[in-house]
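Below: the structure, in structure tokens.
Computed from the coordinates by the stated procedures, all read-outs in this text should not be read as laboratory data. Everything numeric in this text was worked out from a predicted model, so none of it was measured. Glycine also receives a Cβ, built like all others from the backbone with ideal geometry; neighbour counts cover every protein chain displayed.
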Amino acid sequence: MKYYNYSSKYIKRVLLLLTVGAAMTSCEDFLDQEPLNAISPESYYKNESHVEACANVFYGILPSHSGPYGTFGYDTGTDNQFGTWGDGMYATGLWKVGLDNGSYNWDNVRNINFQLNTILERFNNGQISGNADNIKHYIGEMYFFRALQYFNMLQSFGDLPIVKEAFPDDESILVAASQRMPRNQVARFILEDLDNALAYMKENFSARRTRISPDVVNLLKSRVALYEGSWLTNFAGTPFVPNGEGWPGKEKDYNAGYQFPAGSLEAEAKWFFQESAKAAEIASAQLYGIEFDREIFALACANMLIHKDGKTNLEHMDTRSQLQILFLR
């Protein structure tokens, strides 16, 4: 029999090679894992809770009812009320062009488009598990939030690009998608989104009334339509209305020979007024306003009296109380 004499040095080399090989194998396994601090689209959008979480993110777009006047302070600078401070636009040399884009920000629109389109594709292909009616309601909420974001921008900028996709970061694609459509077309797009929201939502979805409901959608629809109809009427013939004298959109090839969908400016404004009236009739009979602060409640009541809006249901109550929950039920 032949015996082999293995030296300790040789044994150490073999053990070292085995150790390095095992380390490299385990390292490759570690690198092949999904990131622990991020979620990829491939591993998400699979069940009802994922869709709900996506909708919850956009609740931050809603206005915040805080401060001494809350959302009633938005009327400052209109024909309803004035503030205790002067507006810089009336002072010589103080009304200046900003150094950045200001509120011309498309992050919310892009994020909603990505979430909405991804969820719609997977939902229609049966790739999202859970209660179908609940998932549809969350989809309706995302249509609502896109409409609300667009309405906020419409009030600030008028003509806007109508964007329904989350485009890649490619300059040529982004430039091609940046064609600013006439403001009334933007308003019609907003109403279309709100109609989609109504089609997906269901009544009495949230027992605590803490989520967007069809009544809220109709309320916003009424406001958007009334706003645009009023704008077209009051600013007719100016650069702020399509086909008005000096309207910047007239210089664009894609707006050449623009015609209003209703046939004329007057008919277009009338169409918006009619849409507003139909949505308001539905909303006014079912919506309730709850205000805890006594002074703001009094201000809201006075505002209704001034505008002769006697159909608004407003109560001086605490939304956190069990009594208020029973009252709404």
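If each residue's Cβ is checked for other Cβ atoms within 10 Å, how do Ser213, Ser64 rank with the fewest at the top? Let's see the in-between values first.
On the way: Ser213 22, Ser64 8.
Lowest to highest Cβ neighbour count: Ser64, Ser213.
Given the Cα-Cα distance of Glu48 and Ala166 and 0.36 nm per residue of separation, how much length would full extension add, in nm?
Values: separation 118, 0.36 × 118 = 42.48 nm, distance 2.23 nm.
Difference between extended and current length: 40.3 nm.
Need the full-extension length gain, Ile61 to Tyr258, defined as separation in residues times 0.36 nm minus the C-alpha distance. One decimal, nm.
67.7 nm
For the range 54-157, restrict the atom set to alpha-carbon positions and state the Rg and Dmax in Å.
19.1, 61
On the principal axes of its Cα set, how long, how wide and how thick is the range 66-112? Give whole Å, largest value first.
On the principal axes, the range 66-112 reaches 37, 31, 19 Å in Cα extent.
So how far apart, in nm, are the two label points at Val175 and Asn105 if each is 7 Å from Cα heading toward Cβ?
Label at Val175, label at Asn105, 2.6 nm between them.
How big is the Cα convex hull of the range 140-251 in projection, averaged over all directions, in nm²?
Mean projected area of the Cα convex hull: 8.2 nm².
What translational diffusion coefficient, in µm²/s and rounded to a whole number, does the Stokes-Einstein relation yield for the range 195-236 at 25 °C and a viscosity of 0.890 mPa s, taking the hydrodynamic radius as the Kirkwood radius over Cα pairs?
208 µm²/s
How big is the Kirkwood radius of the range 112-181, worked out from every pair of different alpha carbons and given in Å to one decimal?
When all Cα pairs of the range 112-181 are included, the Kirkwood radius is 13.8 Å.
What's the extension gain from Ser156 to Val97 if we count 0.36 nm per residue and subtract their Cα-Cα distance?
19.8 nm
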